[in-house]
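Worksheet for the structure shown next.
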Amino acid sequence: MGIDMGFKEFVTALFQLDKDWTTRIVMGMLVMGVIWGLLGVIDSLMVRLQETIWGVSGVLVFTPQEYFASITLHAERDLFGFAQQVIYAIFIFFTIKLLNLQPRAKWLLNVSFILINISMMFMEGPVVLVPNFNDNYFSATIWYYISPIGLPNYSNYVVSPLFFIGWLLLDAFTYMAGIWIVYHYYIASRQLKEKLPVPLVFFLMDTLLFMIGYSGVTAANVWDLLSFYNVIPMNPIANQIAFWIFGHAVVYMAWLPAIGALYLLIPTLANRPLFSDRMGRISALLYLIFSNNVPIHHLYMVNLPVTIKVLQEVLTYAVVIPSMMTFLNLWATVKGAQVKFNVITAFTVTAFTGAIAAGVTGISNATIAFDAIVHNTDWVVSHFHAMILLSIVPAAMAVLYFMIPMMTGRQWFSSKMAWFHWLGYVIGSVLFVVGYELQGLEGLIRRAEIYPRIPSLVDAEVLSTVGALIAQVATLVWFLNLVLTLVKGRTARLEGLSVGQLINTVASSLGWEGESINISTLFSKIMIKKAISSMWALGILGSIIIVVSMFPLAMSGNTYNDLPWIWITLLTLGIVLIAYPILRGAKSL
Amino acid sequence: MDKKEKYEIAWALFVIVLFAVVIVGTLPQDFVVGGVPNSLSILRNDPPSDVIQTTVISEQYVFLVKEAGPVNSNEMGSPYLYNLIIAHPGEWLNMTMRSADVTANFYFPDYADTVVDDQIVPGLVTYDALRVPNLTGPFVFLNGEYNGPWFSYQVGELLVLPSSGYFDSQDLSLLQAQNLRAQSSGLVGDPYNTQMIGPSSQFTVVTDKYGLFNGSVPGPTLITRLGDQVTLNMIFTTPASDHNYLYNYSAAGVPSPVQGIEVGVYAVWWNGTVSLVAQQPISYGKPMIFTFNATAPAYVYGIISPVYNVYNPDGMSNNLIGQDKGYVMGAWGTILVEGS
């Protein structure tokens, strides 16, 4: 904090309390997201310490409850408290700013913001204060796709019901904030004379993806809570399939904002139009159709009908197609361009190349025959951490490096700190991922608290931990730079600039002849009512079909019957009815 | 459609063709992995005398194993073995797996012969055929799916006994060499196999503060010779923290070291019988000495039945705050007897 700045001014600067209400909520979400993110990083550090110190010296620093709770809370806090909250904040900000809308329904967004942050506290589980302080009742269910763990009468290990209630609050946030975003796209779509820019198409599509994907976990949450209190019996495999509708889609929920950011940043930094605008839009549509109906590829090693597993393998490969189209589109856009190397460019390039490197390991996992060897090993952990650390986070950082000045009107405090952040983050993340891949190829199962203390495994564990520490120190430097920027950053005149011009100013990089979309923002209720078109109605019908699809799944018993086929057909039909009509209705296709 | 879109479509078609090659190429394998009934099709041509009907029941945090056929499991009158499968080279395990409580996994990482990696979901039956390694010795299998705080202790051994007679020194050397390779190269052998000590007739094993011998589950594999008078000295360090599954809470929430459980040495015979050699009630902090004449092909030592662990500090565990209990085995291992 600046010496010349009082506490009140600091809080005002941190939460941007002197700005409009959308910016205030967005900043609140970003600050809370970063706080949960740092807590989640501390959890991950506990995991790394436990595993590494065991390997090096045969000592377990934490109790089993503490260790496994650290894994659970690392997932919950970093994936939802941090990533989902920050993603929603970015969507909300750009929806309003790029569409130049007058935001509505303030209460809906405020309540959503409160819900997601309360949900993180509930998921942590109870902390007992009397007669003796005890924090070993933390939730230790990972992020709970292994039904019926944690349920009384089914499991010896019983988690507090607060955990499931926390999940329901997170579900509520997703739908309330999601509806808020889609509602504003809907308003905008009535006045747009031209198609939405591709990055905004991705932001809308991803919001829809969140809401479709959360249908599965919401069903699982409700079922868990009802079974917890013995209201209805649990069918673990149906519950697991329902969870994985979400559990796989969340990978794309988190990654597609990065793709949207790349569609924004790469043409901007290369100072060129996108190679194929149409194919960018078609990629968005394909992502939405194929991301939510592949839950069973996480359950290949379960006794389910082979035909439905093969169908899931085909559908999983199908979601790679829009990725390959995107890679070609972005590569062809930048090919031959003169690009200045700055921190935003560096993070953008990292996100692009990282997606390819991490995606390759995902394709192998998606192959049933390969999964039969690596299932449950640290290879899988390496894959999804590679996606997160080498693609999703770098893209988010590229966006935040221009979004923070855009929101605050301040330039970054230190470019040297920014460069240190990028370099340390990339080196650390690569070491971390390679260490985990080596562990997986050695056959080490994930979450192994006690594992063979053989040199190759210990070396791999140490490599991952050293990488994690380097990346975490680099991220702390970013956080320090962020705080210093908020309170001491140079004031920049960024008002009225297009996003491209702003990136140019912030990055001192290339100019951008971007189009600004100016639309009327005042609508009467009558206009809105009239605006409900058949396209949007089809989307609502699709949502209903997805809800209905959960019933044949829940009643499918051991799955060797027709009900899983009815479920996957209804689910896919519902997704298609949401995907094409709503993107079309929102002038995205 | 402009030229750029044609490039995109051609590229996408190229990718689709590649994927089609992978899907078709790996399709036959899809029908024999993942615990589906067809996994057992490989057993069709094997004579029943080579196939052990193996039932595995997983519960937090042990595997109960029942064998019938060439091996008939019998542990001092009970048909169930804990965390132990007995077999001979060249045989097959016809495995039927269920869960008594939550989701688990049967993971057999012996890359030299095969890998078995199946989810065991409550309400479903999981099937698989496991080819017993041609090499005699212990091979570790484990629960690959997290199922609660004592997950890391759910580890068992497939103990491959010679079809008759005792362990061959050359085979033991081969096993040791394979273990070393597995511990330094990816996707080779069984990296989980524990340290081998011997041949000797005097052994001392001491539990660490987690209730484990030599910091591994199971403990070290001890090698002795046929006819040797073996002295096995087991020392159980007094458990003093929640790290240790032998540190248990009463209903009132008072912790104390577990009492009343048996520690011993048990002979493992070719036909799957496990018989008592010697056992004593557990005592902490002082040597528990067992002496026996090595006549069986193998032995198991330590605590070979699970300990029921309850975490209940101050009697606060309940369905609102949370509960943590389960069956745990940690201090056990095998002894192999080398023939003359």
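The values are calculated or read from the model by the stated rules, or taken from the named source; none is laboratory data. On a predicted model such as this, the values are computed, not experimentally measured, just so you know. Reconstructed Cβ throughout: ideal geometry from the backbone, glycine too, with neighbour counts over all protein chains shown.
In region B:205-215, the qualifying residues are those that are in contact (Cβ under 8 Å) with a residue 24 or more places away in the chain, part of a loop (DSSP other than H, G, I, E, B) and within 18 Å of B:GLY156 (Cα to Cα), and the one that is farthest from the other protein chains (Cβ to nearest Cβ) is B:GLY211. Candidates are the residues of region B:125-149 that are within 14 Å of another protein chain (Cβ to nearest Cβ) and in contact with a helix residue (DSSP H, G or I) (Cβ under 6 Å, 6 or more places away or on another chain); the one that is farthest from B:ASP190 (Cα to Cα) is B:PRO149. The set of residues in region A:285-331 being β-branched (Val, Ile, Thr) and part of a loop (DSSP other than H, G, I, E, B) consists of A:VAL294, A:VAL302, A:VAL319. Criterion applied to A:SER549, A:SER556 was being of a type in the set (S, T, N, Q) and either within 14 Å of chain B (Cβ to nearest Cβ) or closer than 20 Å to A:ARG278 by Cα (or both), and the one residue passing it is A:SER556. For region B:33-60, filtered to residues that are among the hydrophobic types (A, V, I, L, M, F, W, C) and more than 9 Å from chain A (Cβ to nearest Cβ), the residue that is nearest to A:THR141 (Cα to Cα) is B:ILE57. What number of residues within region A:220-272 satisfy the criterion of being of a type in the set (Gly, Ala, Ser), more than 19 Å from the chain's Cα centre (by Cα) and over 28 Å from A:TYR300 (Cα atoms)? Of the residues in that region, 1 qualify.
The residue list B:LEU124, B:LEU174, B:LEU158, B:LEU180 contains one member that is surrounded by fewer than 24 Cβ atoms within 10 Å (Cβ to Cβ) and within 13 Å of the chain's Cα centre (by Cα), which is B:LEU158. Scanning region B:61-72 for residues that are more than 18 Å from the chain's Cα centre (by Cα), more than 14 Å from chain A (Cβ to nearest Cβ) and assigned to a helix (DSSP H, G or I) turns up nothing. For residues that are more than 9 Å from every other protein chain (Cβ to nearest Cβ) and under 26 Å from the mean Cα position of the chain (by Cα), scanning just region A:117-132, find the one that is surrounded by the fewest Cβ atoms within 10 Å (Cβ to Cβ). Selected residue: A:MET121.
Within region B:140-157, residues that are assigned to a helix (DSSP H, G or I) sit with their Cβ atoms under 8 Å from residues that are of a type in the set (S, T, N, Q), at 6+ positions apart or across chains, in these pairs: B:PHE151/B:ASN143.
Tell me the residue from A:TYR451, A:TYR401 that is among the hydroxyl-bearing types (Ser, Thr, Tyr), in a helix (DSSP H, G or I) and in contact (Cβ under 8 Å) with a residue 12 or more places away in the chain, please. Within the list A:TYR451, A:TYR401, the selection yields A:TYR401. For region B:190-204, the set of residues classified as modelled with pLDDT of 95 or more and in a loop (DSSP other than H, G, I, E, B) consists of B:PRO199, B:SER200, B:SER201, listed by residue number.
Scanning region A:46-63 for residues that are assigned to a helix (DSSP H, G or I) and under 18 Å from A:ASP135 (Cα atoms) returns A:MET46, A:VAL47, A:GLN50. Just a yes or no: is a residue in region A:375-386 within 12 Å of chain B (Cβ to nearest Cβ), farther than 30 Å from A:LEU14 by Cβ and over 24 Å from the mean Cα position of the chain (by Cα)? No.
A:TYR157 meets the conditions (1) surrounded by fewer than 19 Cβ atoms within 10 Å (Cβ to Cβ); (2) in contact with an Asp or Glu (Cβ under 6 Å, 6 or more places away or on another chain) in every case but one. The failed one is (1).
Filtering B:VAL36, B:VAL22 for residues that are surrounded by 17 or more Cβ atoms within 10 Å (Cβ to Cβ), aliphatic (A, V, I, L, M) and in contact (Cβ under 8 Å) with a residue 12 or more places away in the chain leaves a single hit, B:VAL36.
Tallying residues that are modelled with pLDDT of 85 or more and out of contact with any Phe, Trp or Tyr (no Cβ under 8 Å at 6 or more places or on another chain) within region A:138-150 yields 1. Cβ-Cβ contacts under 9 Å between residues 6 or more apart (or on different chains), taken from a first residue in region B:89-116 that is within 12 Å of another protein chain (Cβ to nearest Cβ) to a second residue that is surrounded by fewer than 24 Cβ atoms within 10 Å (Cβ to Cβ) and basic (Lys, Arg), are listed as B:ALA112/B:ARG181; B:THR114/B:ARG131.
Restricting to region B:327-340, name every residue that is in a strand (DSSP E or B), hydrophobic (A, V, I, L, M, F, W, C) and in contact with a Ser or Thr (Cβ under 8 Å, 6 or more places away or on another chain). B:ILE335, B:LEU336, B:VAL337, listed by residue number.
How many residues are aliphatic (A, V, I, L, M), within 12 Å of chain B (Cβ to nearest Cβ) and surrounded by 24 or more Cβ atoms within 10 Å (Cβ to Cβ) if we restrict to region A:51-110? Total satisfying the criteria: 1. Exactly one residue among B:GLY198, B:GLY260 is over 21 Å from A:GLN50 (Cβ atoms) and without any contact (Cβ under 8 Å) to a residue 24 or more places away in the chain, and that residue is B:GLY260. Within region B:283-316, the only residue that satisfies the criterion of being in contact with a Lys or Arg (Cβ under 8 Å, 6 or more places away or on another chain), crowded, with 19+ Cβ neighbours inside 10 Å and aliphatic (A, V, I, L, M) is B:ALA294. Is it true that some residue in region A:102-112 is in contact (Cβ under 8 Å) with a residue 24 or more places away in the chain, assigned to a loop (DSSP other than H, G, I, E, B), within 30 Å of A:TYR67 (Cα to Cα) and of a type outside the set (D, E, K, R)? The answer is no; no qualifying residue exists. Being over 30 Å from A:ARG490 (Cβ atoms) and touching a Pro at 6+ places or on another chain (Cβ under 6 Å) is not true of A:GLN50. When residues in region B:294-326 are screened for being assigned to a loop (DSSP other than H, G, I, E, B) and at the interface with chain A (Cβ under 9 Å from one of its Cβ atoms), 5 of them pass. A count restricted to region A:439-456 and to residues that are out of contact with any strand residue (DSSP E or B) (no Cβ under 7 Å at 6 or more places or on another chain) and either within 23 Å of A:THR72 (Cα to Cα) or among the polar types (S, T, N, Q) (or both) stands at 7.
In region A:365-377, the count of residues that are under 26 Å from A:GLN84 (Cα atoms), of a type outside the set (A, V, I, L, M) and either assigned to a helix (DSSP H, G or I) or touching a Pro at 6+ places or on another chain (Cβ under 7 Å) (or both) is one or more.
Restricting region B:249-278 to residues that are within 14 Å of chain A (Cβ to nearest Cβ) and not in a loop (DSSP other than H, G, I, E, B), the residue that is surrounded by the fewest Cβ atoms within 10 Å (Cβ to Cβ) is B:PRO255.
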